[in-house]
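Each remark here refers to the structure printed beneath this line.
The values are calculated or read from the model by the stated rules, or taken from the named source; none is laboratory data. Predicted model, so just to flag it, every value in this text is computed and none were measured. Using ideal geometry, Cβ is built from the backbone for each residue, glycine included, and neighbour counts are taken over all protein chains shown. The accessibility values were calculated without ligands, DNA or RNA, using every heavy atom of the protein model including side chains. Shrake-Rupley method; radii C 1.70, N 1.55, O 1.52, S 1.80 Å.
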Amino acid sequence: LACCTQNINKAKQQERQNPVPVPSGVRQSPIDISTDDSVYDPQLKPLKISYDPSNCLLLRNNGYFFQVEFEDSKDSSVISSGPLKNQYRLKQFHFHWGSKSDRGSEHTVNNQVYPAELHLVHWNPVKCNNSGEAILSENGLAVVGVFLKLGKRHDSLQKLVDALPAVKHKDAAVDFFNFDPACMIPPCSDYWTYPGSLTAPPLTECVTWVIMKDPIEVSPDQLAMFRSLFYTSVGEKQKNMVDNYRPVQPLMKRTVYSTIP
Ligand SMILES: O=C1NC(=O)[C@@H](c2ccccc2)S1
Ligand SMILES: [Zn+2]
């Protein structure tokens, strides 16, 4: 009971600090990015990305997707510039993918779907004390999205793929060290950006999205390993972890800005 009271007090305190942008539905994610309707903003600079592989800690199956978690007590793995007013710290990255390669990404481009999408989730330490607060705070999070397409094997991703069998079931977690997520950022710095939300519960409208224009390539075998994971815990009836993407949501009154003239 004590912890529950404590949590209620904490939530109240948080509410006072940051009005919770409950999913009012005006800025939900993901969206279809219509390139013709996006607005070129010549003031938009390339995103500055600086990750320290030694911050990489753990690979976990959380029952929705698998995620790689980072040490985020210092400003050592950060992004800045681009559409961001502050520096944001990397907390975790994860993927969304389909049961077949004709689905899987959350965002689409001119209604084109990719077989998977990487999300690098960062939080704003200037406005928030931790990532938990950030999901309750306006622009508390900055998520970088990278599309995955089928093609040649992604050599540096293989280290992650090789670790997946150790986290087949929900709540499994293993040490995962010295991985540099910058290896999954495409060489072309062009992106689209728009104000949106988490794409999984609590769906709060706290995210500045930065979607890289170019996809990265992974091999069919690498993607097949994603699909070998389970939503379910050990001992439960096994359910393959596939199609863990949210459908696109209405753009409403939002504008998607782009670095592409
Ligand atoms: O980038 C995102 N992908 C998701 O599934 C959303 C989410 C929701 C809660 C925690 C972490 C991520 S936000
Ligand atoms: Zn995601």
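Some observations on this one:
- Residue check for Leu141: within 16 Å of ligand 2 (Cβ to nearest atom) and more than 16 Å from Val248 (Cβ to Cβ): yes
- Within the range 156-170, at least one residue is surrounded by 15 or more Cβ atoms within 10 Å (Cβ to Cβ) and among the small types (Gly, Ala, Ser).
- The set of residues in the range 225-256 being open to solvent by 50 Å² or more (accessible area, probe 1.4 Å) and in a helix (DSSP H, G or I) consists of Met225 alone.
- Unique match (being in contact (Cβ under 8 Å) with a residue 24 or more places away in the chain and more than 19 Å from the chain's Cα centre (by Cα)) among Asn139, Asn111: Asn111
- Of all residues in the range 109-122, those being open to solvent by 10 Å² or more (accessible area, probe 1.4 Å) and either outside any loop (DSSP other than H, G, I, E, B) or away from ligand 1 (no atom under 16 Å from the Cβ) (or both) number 7.
- Residue in the range 156-164 that is more than 16 Å from ligand 1 (Cβ to nearest atom) and on the phi > 0 side of the Ramachandran plot present: no
- Subset of the range 179-203 (residues that are loosely packed, with under 15 Cβ neighbours inside 10 Å, in contact (Cβ under 8 Å) with a residue 24 or more places away in the chain and within 15 Å of ligand 1 (Cβ to nearest atom)): Pro202
So that you can scan it fast, the table gives a plain yes or no per residue for (1) closer than 21 Å to Val161 by Cα; (2) at pLDDT below 95; (3) open to solvent by 50 Å² or more (accessible area, probe 1.4 Å):
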site	(1), (2), (3)
Tyr40	no, no, yes
Ser54	yes, no, yes
Gln67	yes, no, no
Pro83	no, no, no
Gly98	yes, no, no
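- Being more than 16 Å from ligand 1 (Cβ to nearest atom) and in contact with an Asp or Glu (Cβ under 6 Å, 6 or more places away or on another chain) is a property that does not hold for Lys237.
- Search result, residues across the range 226-261 that are among the aliphatic types (A, V, I, L, M) and either out of contact with any Pro (no Cβ under 8 Å at 6 or more places or on another chain) or free of Cβ contacts under 8 Å to residues at least 12 places away in the same chain (or both): Leu229, Val234, Met241, Val242, Leu251, Met252, Val256, Ile260
- Count of the range 208-224 residues which are in a loop (DSSP other than H, G, I, E, B) and more than 25 Å from Leu198 (Cα to Cα): 1
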